[in-house]
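Read the figures in this text as sums done on the coordinates, not as results from a lab. What you are looking at is a predicted structure, and each value in this text was computed from that prediction instead of being measured. Cβ: placed from backbone, ideal geometry, glycine included. Neighbour counts: every protein chain shown.
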Amino acid sequence: MAALWVKEQSGGRTKIALIGKPKACFDQFNLVIAAAHYRLPEDRSNVLRIGLPLVEVPADRLDCARRDWTPRLQDLARPLTVLCFGGSTGARPLDRPAVQNIMQNACKAASSGTLYALTSRRTPPSAQSEIKAQLPPNGRLYSWQQQDSENPYLGLLALGDRFIVTGDSISMLVEIARLGKPLAIAALPPEGGFRGLAKRLVSHLGRGPARDFDLFHRYLYDQGWAVPLGKEFVAPASLPPDDREIAAARIRRLMSSD
């Protein structure tokens, strides 16, 4: 990292605060700020654990999307259930069986009203075809396109009644959890066979992705901000806390220390 080179050139006087997880060498960073989905050692003085990642959709963007999309979505039957697809990650593929299972459960959850499915840039073409094939009569589908002004994602965030998100997409899970709307997580099952076992073993040994999706899902469940897909939707009792000030205060303390 460029920051490590700068610190070396300064004779160690430069201080580095990293949001996320370093690939290695924790001791080279003065502060590591990491959300609940990272596997990190808990006993390091230079690690600050927070809850959700420091991301959200700004309120003004949601207000603008609400104005733009209200005329387009107002005729849809309610409740409006929004189904957001991410993609394959690590040993958890978004393959045909996974899509079929998600769509089956999503259709049950949205047996009344409207089911509005969206894909993302990470959704495989094969998964998109299966989503389209499994779409119910009360369903709509938006297939992701690059730089498309007609992408309804923000409009649906503002106007949707409840949400289903595939468990691989931490960013969408966080953006929706911060809205305080009912949220269900469609966790992707681990890949089977020797290939899946090898991927899980590499990850367990610490040489694979540091994100722990199961840990993150459990955190959302425990806090009451989400339920597993198949469970009844629940309106959260409270919004997730904003940890930005906690992180900023720790950075200010770091920068003011000798």
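Mind checking the stretch 47-121 for trypsin sites (Lys or Arg not before Pro) that DSSP puts in a loop (not H, G, I, E or B) and that have at most 11 other Cβ atoms within 10 Å?
In loop regions of the stretch 47-121 (DSSP not H, G, I, E or B), the sparsely surrounded trypsin sites (Lys or Arg not before Pro) are ARG121.
Under 26 Å Cα to Cα from LYS21, which lysines show up? Leave out anything in the same chain fewer than 8 places away.
LYS21 reaches LYS7, LYS199.
Counting other beta carbons within 10 Å of each Cβ, put THR89, THR81 in order, fewest first.
THR89, THR81
Output ³J(HN,Hα) for the stretch 71-82: one whole-Hz value per residue in order, computed from phi by the Karplus curve 6.51 cos²θ - 1.76 cosθ + 1.60 with θ = phi - 60°, and x for Gly and Pro.
Those phi angles translate into x, 7, 10, 5, 8, 6, 5, 9, x, 8, 9, 9 Hz.
Per residue of the stretch 97-103, what does 6.51 cos²θ - 1.76 cosθ + 1.60 with θ = phi - 60° give for ³J(HN,Hα)? Whole Hz please, x for Gly and Pro, Karplus curve as stated.
Rounded to whole hertz, the list is x, 5, 5, 4, 5, 4, 5.
Which whole-number percentage describes the relative contact order of the stretch 59-228, with Cα contacts under 8 Å and a sequence gap of 6 or more?
That works out to 26 percent.
Using amide H atoms built 1.01 Å from N in the peptide plane, name the residues 5+ places from TYR38, or on other chains, whose amide H lies under 5 Å from its own.
Sorted by chain and number, the residues that satisfy this are ASP212.
Test of understanding: ordering VAL32, VAL234, VAL165 by Cβ neighbours within 10 Å, fewest first, what list do you get?
So the ranking, lowest neighbour count to highest, is VAL234, VAL32, VAL165.
With runs of 4+ DSSP H residues as the only contributors, calculate the mean residue ellipticity of the chain at 222 nm using -39,500 (n - 2.57) per run, divided by the residue total and rounded to the nearest 500.
Using -39500 (n - 2.57) per qualifying helix, the result is -11500 deg cm²/dmol.
Given DSSP loops and a limit of at most 12 other Cβ atoms within 10 Å, what is the longest stretch of the chain that contains no such GluC sites (Glu not before Pro)?
The reported range is 43-149.
Considering only DSSP beta bridges whose two residues both sit in the chain, what percent are antiparallel, to the nearest 5?
Here the antiparallel bridges make up roughly 5 percent for the chain.
On a straight-distance basis, which lysines could pair with LYS108 in a cross-link, Cα separation under 28 angstrom, same-chain partners fewer than 8 positions away excluded?
Counting by Cα, and skipping residues close in sequence, LYS108 has these lysines nearby: LYS132, LYS181, LYS231.
About its Cα centre, how strong a charge dipole does the stretch 59-228 have in debye, to the nearest 20, once Lys and Arg get +1 and Asp and Glu get -1 at the Cβ?
My answer is approximately 260 debye.
Taking Rg and Dmax of the Cα atoms in Å straight from the coordinates, which label in (1) 18.5, 53; (2) 17.2, 51; (3) 20.3, 66 is the correct one?
Matching the structure shown: (3).
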